[in-house]
Amino acid sequence: MGTADFRDLVTKWALKNALEHSGKASVSAVLSKVIGEKPELRAKIKELNLVVQDIVGQVNAMSIDDQRKRLETLAPELLERRKVIETKYLPPLPGASMNEVVTRMPPEPSGYMHLGHAMSFLLNYLYAQKYNGKIWLRFEDTDPRKVRSKYYESFRSGCSWLGIKWDFEKNNSDDIELHYRFGRKLIEDGNAYVCTCPVDELRKLRALGVECVHRSAGKEPNLESWEKMSELEEGEATVRLRGDMTSQNYVMRDPILFRIIDHPHVLTGTKYRVWPTYDLAVAIEDSICGVTHVLRSSEFAPRGELQNRIRELLGLRNPVIIEYSRFGFQGTPLAKRKLRPLVDAKLVSGWNDPRMPTVEGVARRGIVPEAIQEFTVSYMAFTYSRKEFDWDLLFSVNRKVLDPVTKRYYFVPQPIKLAVSGSPILAVSLRNHPEKDLGRREVHVDGNFYIAKGDLEGLKKGDIIRLKDLYNIVIEEVGSEIVHASFLSRELIEDIPKVQWVTNDNIAIDILVPGPLFIGESFNEKSLSKVSGLAERSVSNLSIGEIVQFERFGFCRLDAKFERPTFIFIHR
Ligand SMILES: [Zn+2]
């Protein structure tokens, strides 16, 4: 085995070790894992040692997000699968039997994946899990004007991030020839016809519930028009279902099944000009993918009747459709038409801005996949009423996930100097978590501190306060620039104020605090604020993507290290 051969082996263990230790791998741990897997390398220990040092250095310089992505491609079997929520609490699905359930995630790749998709996909995934079934990731991409390559990828990476493992993947655009065959059958059977009404006319007649002249054309002329359809210009012809022009369900009024779109498709280029509509493609694909259960938002209810009708006319099997409430999050619309103007006007930094409900935005905001899983199971409801979730509800679930595994650090916003006379010079060892064993850190104390301006309110000469986890002091003088105090004692005194502190060995940080994007219908100008202050020095060792709790301030995720570390506030 040459050096080049074991680089991948070393990299994989370095990534794994780093992910288990806040983004920092250790040379000795990686070395022993590598030798554990390939004992014959012991003979080349010197050479191996150099390679391990080199690779550990590279891996430790990566962000945690990048480490995870790299390991996902290099050795996905080592990536700790996120704990998937207990599915036994999900109400049973009608007509479902073990090992036979097939569900699907059907995104249109016309925008970035958002929290609405995430929860809907999770529900379908968790049900497939519950019944030991299968799930499809299927792209509804038959409108070439709308779809873009980057959006396919957004859904793939979003689903992976959520911990969803899909069994099959396909694009509806792979099946256009098949859709044509089914379309032709509908025409042959007299269930569909080619309509050459101008779009405005067609719309007007549908609204009035009036049939157009083309509806009564015979089978032969219709088939002839169908064959020639690709020679026509966009807008000159459509294929419509012979539905019911007087139906109360507007969707059933001879809906369009195929239309001409002159726009290259990101996957099929200019090969096709006649494109199936969403309803036709979904109706066919759900059936040929063997989907047994469709869990979808109740806003799709009117379309269910149409899709079932199409399948019945084609002799295809209908899945069981289960509808859950439409939902949103307070002050944060999920709809692209509401969000795009904010991106275009640069009111947000992009689609991954931490205020945005995109999966990327939510991840930057520090919401973890386990929390979204648990939230989905606990709060999605199978009712027809529209639900508006309070962000606080999601935050409370997220806090429950983060609290036991998140290290605590000291942070002092709006710092002011504190000089303590008579302070013992000492090194204190602080626990990284009050209950869990998440390690300790050492801080050297010499009597010079910074404390938060907010903690000084109401303090006056003679008051006794405790510097948290350190010692008690007596206030001597509260100035506008500096507070003077004297050392009192070390033992814990109950019922006195406890304040956060940092020593002179600190680091300046910024914390961005996101809020709701909208207040009512208007953009919330104050949706992003910034808090600056001093954190203890050990914060500079954190990796991008890492989540910590600044005591008495809140949970924060390290987002960037430009001039100074910049965190994003998650919640208290
Ligand atoms: Zn017509």
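Computed values, structure above
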read-out	value
Within region 378-475, strands (runs of 3 or more DSSP E) holding 1 or more residues that are farther than 30 Å from Gly515 by Cα	415-421, 426-431, 440-445, 448-452, 464-467
Spans of helices (runs of 4 or more DSSP H) in region 163-239 with at least 2 residues surrounded by 15 or more Cβ atoms within 10 Å (Cβ to Cβ) and within 14 Å of the ligand (Cβ to nearest atom)	199-208, 219-228
Every pair of residues 6+ apart whose Cβ atoms lie under 8 Å, when the first sits in region 203-225 and is more than 25 Å from Gln248 (Cα to Cα) and without any contact (Cβ under 8 Å) to a residue 60 or more places away in the chain while the second is more than 10 Å from the ligand (Cβ to nearest atom) and assigned to a loop (DSSP other than H, G, I, E, B)	Lys219/Gly190
Count of residues meeting criterion [at pLDDT below 95 and either under 22 Å from the mean Cα position of the chain (by Cα) or on the phi > 0 side of the Ramachandran plot (or both)] in region 518-541	1
Flag for Arg138 being at pLDDT 95 or above, more than 14 Å from the ligand (Cβ to nearest atom) and open to solvent by 70 Å² or more (accessible area, probe 1.4 Å)	no
Region 441-459: number of residues that are without any contact (Cβ under 8 Å) to a residue 60 or more places away in the chain and either among the aliphatic types (A, V, I, L, M) or surrounded by 12 or more Cβ atoms within 10 Å (Cβ to Cβ) (or both)	11
Given (1) farther than 18 Å from Gly163 by Cβ; (2) in a helix (DSSP H, G or I); (3) modelled with pLDDT of 95 or more, index of the condition Arg337 fails	(3)
Test: Leu492 is open to solvent by 50 Å² or more (accessible area, probe 1.4 Å) and in a strand (DSSP E or B)	no
Filter result (open to solvent by less than 70 Å² (accessible area, probe 1.4 Å) and either part of a loop (DSSP other than H, G, I, E, B) or in contact with a Lys or Arg (Cβ under 8 Å, 6 or more places away or on another chain) (or both)) within region 263-276	His263, His265, Val266, Thr268, Tyr272, Arg273, Val274, Trp275
Matching option when the condition is touching a residue at least 12 places away in the same chain (Cβ under 8 Å) and not acidic (Asp, Glu), among Phe562, Phe518	Phe518
Residue match in region 414-435 (condition: within 37 Å of the chain's Cα centre (by Cα), on the phi > 0 side of the Ramachandran plot and touching a residue at least 60 places away in the same chain (Cβ under 8 Å))	yes
Region 8-23, residues that are open to solvent by 80 Å² or more (accessible area, probe 1.4 Å) and either under 26 Å from Lys407 (Cβ atoms) or over 30 Å from the mean Cα position of the chain (by Cα) (or both)	Glu20, His21
Options Leu295, Leu314, Leu280; residue that is open to solvent by less than 10 Å² (accessible area, probe 1.4 Å), over 19 Å from Phe121 (Cβ atoms) and among the hydrophobic types (A, V, I, L, M, F, W, C)	Leu280
Any helices (runs of 4 or more DSSP H) falling wholly within region 24-132 and containing at least 2 residues that are hydroxyl-bearing (Ser, Thr, Tyr) and either open to solvent by less than 20 Å² (accessible area, probe 1.4 Å) or closer than 19 Å to Gly158 by Cβ (or both)	115-130
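The values are calculated or read from the model by the stated rules, or taken from the named source; none is laboratory data. Everything numeric here is computed off the predicted structure, so don't read it as measured data. Here Cβ is always computed from backbone atoms with ideal geometry, including for glycine, and neighbour counts include all displayed protein chains. For accessibility, only protein heavy atoms count, side chains too; no ligands or nucleic acids. Shrake-Rupley method; radii C 1.70, N 1.55, O 1.52, S 1.80 Å.
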